[in-house]
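As structure tokens, the structure follows; a few thoughts come after it.
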Amino acid sequence: MRAFFTTIVMLIMLASTAVAQFNFDPSRLVYSGTINFAITNNFATATISPQVGYALNDIFTIGSGINYNYRRQMNANTSMHYLGLNAFGRATPIRHVALQVQPEGHYMWGRNIARTRFIPSVLVGAGIVIPSGIGTIHAMVFYDIVQYTRGGVNYSPYGNEVVYSITYVLNFATR
């Protein structure tokens, strides 16, 4: 857990240095978020994740956010709640193509769970970016590369599955 918080502090310091270097411009702030509901044979999930970012230039955006995830495992009658913080780095190296890395730290609790836990995850993904009004629509595919497992149980809020996300990003930057 200490390593996660050290990483977050370093990312914030890096972001602060980058923002100071580029002379902070409020018009480069971007606001985004995800609301997700999914039901499969084994799981039901619900997620809300608002984020605020800063466009460093036309290619790179950095930011952070909070997230809440509810996950119910049907066959084990188990439900888990996750409340966490995240930081993200997004690159759009080619027009309409986005790559993103998003380390997260979650506090987890739930029904039929022996104890609360700190759950790390790192989402890595790619997708397409579609211009729309004063923002963009991001259709992304993510995977948690950490897959936090203890005692044979996968505690990742995303499970061992690919995560599909469609996000609207409000972008007030004048580029």
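The values are calculated or read from the model by the stated rules, or taken from the named source; none is laboratory data. Bear in mind that the values here come from a model prediction, so they are computed numbers and not experimental data. Because the Cβ atoms are built from the backbone with ideal geometry, glycine has one as well, and the counts that use them run over all protein chains shown.
Here are some notes:
- Qualifying residue in region 30-43 (condition: of a type in the set (S, T, Y), assigned to a loop (DSSP other than H, G, I, E, B) and surrounded by fewer than 12 Cβ atoms within 10 Å (Cβ to Cβ)): yes
- Each residue in region 147-168 was checked for being exposed (fewer than 14 other Cβ atoms within 10 Å of the Cβ), hydrophobic (A, V, I, L, M, F, W, C) and either in contact (Cβ under 8 Å) with a residue 24 or more places away in the chain or not in a strand (DSSP E or B) (or both), and 2 of them qualify.
- When E161 is tested against (1) closer than 21 Å to N41 by Cα; (2) more than 19 Å from the chain's Cα centre (by Cα); (3) among the acidic types (D, E), exactly one condition is not met: (2).
- Any chance Y158 is among the aromatic types (F, W, Y) and modelled with pLDDT under 85: yes
- Hey, I48 over 12 Å from the mean Cα position of the chain (by Cα) and among the β-branched types (V, I, T) or not: no
A quick yes/no check of all residues on (1) polar (S, T, N, Q); (2) part of a loop (DSSP other than H, G, I, E, B); (3) surrounded by fewer than 20 Cβ atoms within 10 Å (Cβ to Cβ):
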| residue | (1), (2), (3) |
| --- | --- |
| I48 | no, no, yes |
| Q51 | yes, no, no |
| N57 | yes, yes, yes |
| G63 | no, no, no |
| Y68 | no, no, yes |
| R72 | no, no, yes |
| N75 | yes, no, yes |
| S79 | yes, no, yes |
| Y82 | no, no, no |
